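Since the structure comes first, as structure tokens, the remarks are kept for the end.
What follows draws every value from the coordinates through simple rules; no lab data is involved. Note that the structure is a prediction, hence the values are computed from the model and not measured. We place every Cβ from the backbone using ideal geometry, glycine too, and count neighbours over all the protein chains shown.
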Amino acid sequence: MRQILQNLGSGETILAEVPAPGVRSGCLLVETEFSLVSLGTEKMLVDFARSGWLTKASKQPEKVKQVLQKVKTDGLFPTLEAVRTKLDEPIALGYCNAGRVVAVGAGVQGYNVGDRVASNGPHAELVCVPENLCAKIPETVTSSDAAFTILASIALQGIRLLNPTLSERIAVTGLGLIGLVAVQLLQANGCRVLGIDIDPEKCALAREFGAETVNLSVGEDPLAIAKEWTKGQGVDGVLITASTPSSEPVSQAARMCRKRGRIVLVGVAGLALKRAEFYEKELSFQVSCSYGPGRYDDVYEQEGNDYPLGFVRWTEQRNFTAILDLLAAQKLNLSRLISHRFDFDKSLEAYSVVATGKAMGILLAYASTGEAKFSRTKMLFSKAEARSENGVCPVVVGFLGAGNFTGRILLPTLHKLPVHLHTIVSNGGVAGTHLAKKFGFLASSTDPESVLSEEAINLVFVTTRHNAHARQVIAALGAGKHVFVEKPLCLTLDELKEIQAVAEARPKQLLMLGFNRRFSPHIQTLKRELTAMRGPKSFVFTANAGAIPESHWTQNLMLGGGRIVGEACHYLDLLRHLVGAPVAKASIHYLGGEEGRTRDTATIQLMFCDGSIGTVHYFANGDKGFPKETLQVFAAGKIFTVDNFRKTLGFGTRKHKLCSGWQQDKGHAAELVALMEAVATGNPSPVPLDEIIEISRLSILLAGGTGNERNVDCDAEK
């Protein structure tokens with residue numbers, strides 16, 4: 001299928017061929033009839049993408065600070081590569097979609113194949129959208145009008161926050177699409193409206209919809225006109241729908257309001273507020289968030305859990321329905337807002353119009369082709385063009401997952417090795433197709449079966465979200481494939497037990513977990529030093545993990561398993577590898593407080609069967625200026641330190657500097673080389689299965705429970 005993408009690095013807007021999405025649980029699969037180009041959001045993205053590096057940096061000063069900090073801790077070259085990779089990722093444009101349902105996902109109720117729906121799907125011929133981001137289109141509403149639903153809901157949500165009452169006088173600053181929709185909604189609400197803009201044509205449209213206007217292009221004074229319009233009282237409220245870096249619209253709104261007036265910012269404006277302007281009138285000021293309650297809440301949007309009607313009357317989905325009901329009642333005239341129409345085949349011409357900034361509503365019309373004509377797998381190269389080593393390649397790779405780690409860490413190394421990259425699978429098809437073209441995969445797909453059922457593929461990489469790892473590992477092993485899974489292996493003990501049974505029943509199939517640190521030259525050097533020493537040893541590992549919002553998917557115990565299972569397992573494995581003996585007992589102590597334990601800040605104590613002891617400090621409450629990972633080892637009168645995998649020192653040793661480099665080396669490249677050699681030669685996994693199971697079980701046990709501490713007797717838990 002075709003989809004419009006924007007490359008933030010090159011600035012190119014692309015009508016790309018990508019695999020069609022499949023219908024996911026809790027979602028609707030929709031064949032698009034119309035989509036609306038957002039002149040605000042999309043023009044901002046396109047302009048940013050087409051700007052130079054210095055302009056990009058000036059628009060994101062906080063990002064620049066993060067980059068400079070990363071250079072200090074990780075080195076220049078890894079940082080540059082991370083920035084290039086991030087900017088090279090294409091993003092989907094569009095969020096105003098209307099079409100017809102072609103498939104209904106598991107758990108979705110109230111929708112049938114053939115229903116017309118409005119959604120926040122992108123500009124694509126086929127979109128998969130969560131149930132709570134869709135709304136049925138009434139029979140009397142055209143799909144072209146319904147394409148405005150999501151954008152109109154942004155205006156509606158701003159008005160709900162403004163809370164206007166019958167006959168109040170409301171000013172709307174900025175008469176773009178959202179502003180002109182807001183004018184009509186306020187009129188329907190029984191308000192009198194004053195529209196303010198610099199474009200005389202937009203002012204003329206606002207007057208058609210019943211508003212008084214201020215034409216800034218001819219020097220009309222909005223403050224004077226507002227004062228006269230309200231007979232000296234001041235407006236009751238101001239809705240700011242303009243987009244400008246200036247703080248003048250907010251200041252103007254404050255001066256325009258009556259005492260205790262209300263101001264709501266829907267668009268973008270500078271926020272250098274003057275206290276006196278707000279203090280003297282006791283004004284209220286609020287920023288509106290997109291379509292309404294539920295926006296950016298994964299529990300609502302992705303998991304489909306609605307907010308109770310009695311407590312949240314107007315969620316984003318209910319706002320969608322309200323707009324569609326107003327269209328059905330002919331309270332909104334959206335056809336007058338359409339300035340351009342393009343067939344989807346010529347959609348790139350629309351973005352030439354967007355660049356001029358002179359358009360209003362740009363509607364894209366799609367030809368109906370039928371869902372059956374959309375393929376979930378796209379062949380990018382012929383088999384004859386695929387890379388091979390002397391005509392024969394013993395390792396043929398398929399990927400389930402196309403995220404940042406896959407594109408930035410794994411594929412740049414694999415691309416240099418004697419392997420054949422066959423098929424990569426991603427949910428939406430966009431990320432997978434981008435990486436497939438960049439690294440030379442034969443195909444991109446949205447269907448995991450395209451990897452699991454492909455006889456040529458003998459090694460499957462699982463790099464999806466953590467909650468999918470267990471079922472995908474089991475499915476890949478069951479399909480007769482070798483498997484590399486990025487940590488964690490799974491999230492529950494039941495999953496671990498099933499994986500262990502499947503793996504042990506297939507001893508010729510390799511199962512490897514991405515414990516890359518043990519392959520770092522720093523750790524290999526240290527391992528050689530420690531192996532030559534007798535007696536137990538002491539280890540202290542500190543992970544300055546950094547804070548991640550509680551809303552991030554890795555913090556969700558059902559999706560990511562939490563950070564102890566998801567990341568701290570790395571460090572448990574590292575100490576287990578250096579000691580060379582199993583963990584006998586372990587305990588974890590979480591940072592406490594008035595609100596209970598902090599799940600991602602903890603100290604883990606380890607006692608090994610050989611008498612060695614270890615401590616892993618996994619802290620998320622530190623400063624990013626400090627190195628992320630440091631290790632100290634005390635043994636036989638000597639001390640060793642590993643500083644962020646850039647420098648390893650020995651104290652009391654013959655050689656002080658044991659290992660160093662210009663940049664970090666966490667062992668990813670050596671790990672993949674070892675994996676490829678094992679697959680090609682039939683050798684066992686470079687990380688033994690019993691150690692994978694041991695550390696996976698330990699991390700799950702440590703993360704379990706609800707108290708501030710937990711003790712684990714490893715022998716008793718087996």
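Near Asp115, within a Cβ-to-Cβ distance under 9 Å, what is the net charge of the other residues, with Lys and Arg +1 and Asp and Glu -1? Provide the component values of the computation, followed by the final result.
Working: positive: Arg100, Arg116, Lys136; negative: none.
Net local charge, Asp115 excluded: +3.
Which of Asn215, Leu283, Ser251 sits closest to the plus end of the dipole of the stretch 151-287, meaning its Cα is farthest towards the positive end, when Lys and Arg get +1 and Asp and Glu get -1 on the C-beta?
Projecting each Cα onto the dipole axis, the largest value belongs to Leu283.
Net charge within 14 Å of Val218 by Cβ-Cβ distance, Lys/Arg positive one each and Asp/Glu negative one each, not counting Val218 itself? If you can, show how the numbers build up before the last one.
Details: positive: Lys202; negative: Asp197, Asp199, Glu201, Glu220, Asp221.
The answer is -4.
For the stretch 151-287, report the % of Cα-Cα distances exceeding 22 Å.
Numbers: 2442 of 9316 pairs.
Everything past 22 Å amounts to 26 percent.
Placing unit charges on C-beta atoms (Lys and Arg positive, Asp and Glu negative, everything else neutral), compute the dipole magnitude of the chain about its Cα centre in debye, rounded to 20. Walk me through the intermediate numbers first.
On the way: 77 positive and 73 negative charges, 376 e Å.
Using Cβ point charges on Lys, Arg, Asp and Glu, the chain gives about 1800 debye.
Assuming a strict under-20 Å limit between Cα atoms, what lysine pair count do you get for the stretch 377-514 once near-sequence pairs (fewer than 8 apart, same chain) are dropped?
So the count works out to 11.
Between beta-carbons, use under 11 Å as the cut-off and find the net charge around Thr377, counting Lys and Arg +1, Asp and Glu -1.
Working: positive: Arg376, Lys378; negative: Asp447, Glu449, Glu454.
Once positives and negatives cancel, what remains is -1.
Please quote Rg/Rh for the chain to two decimal places, taking the Kirkwood radius as Rh and restricting both calculations to Cα atoms. Intermediate values should be presented prior to the final figure.
Numbers: Rg = 29.2 Å, Rh = 28.6 Å.
Rg/Rh: 1.02.
Between the alpha-carbon centers of the stretch 328-353 and the stretch 121-200, tell me the distance in whole angstrom.
Between the Cα centre of the stretch 328-353 and that of the stretch 121-200, the gap is 15 Å.
Show which aspartates and glutamates lie in cross-link reach of Lys227 when reach means a straight Cα distance below 19 angstrom and same-chain residues fewer than eight apart are skipped.
Glu168, Asp197, Glu212, Asp236, Glu248, Glu277, Glu280, Glu282
Given N residues in the stretch 377-514, what is its alpha carbon radius of gyration divided by 2.2 N^0.38 Å?
Details: Rg = 14.3 Å, N = 138, 2.2 N^0.38 = 14.3 Å.
Relative to the 2.2 N^0.38 Å estimate, the stretch 377-514 comes out at 1.00.
What do you get for chymotrypsin sites (Phe, Trp or Tyr not before Pro) in the stretch 625-718 restricted to DSSP loop and a cutoff of at most 10 other Cβ within 10 Å of the site's Cβ?
Numbers: sites: Phe634, Phe640, Phe645, Phe651, Trp662; in loops: Phe645, Trp662.
Here the chymotrypsin sites (Phe, Trp or Tyr not before Pro) that fit, given the DSSP loop and packing criteria, are Trp662.
Return the calculated 222 nm mean residue ellipticity for the chain, to the nearest 500 deg cm²/dmol, obtained by summing -39500 (n - 2.57) across DSSP H runs with n ≥ 4 and dividing by the residue count. If you can, show how the numbers build up before the last one.
Values: 24 runs with 230 residues, N = 718.
Roughly -9500 deg cm²/dmol at 222 nm, from the helical runs in the chain.
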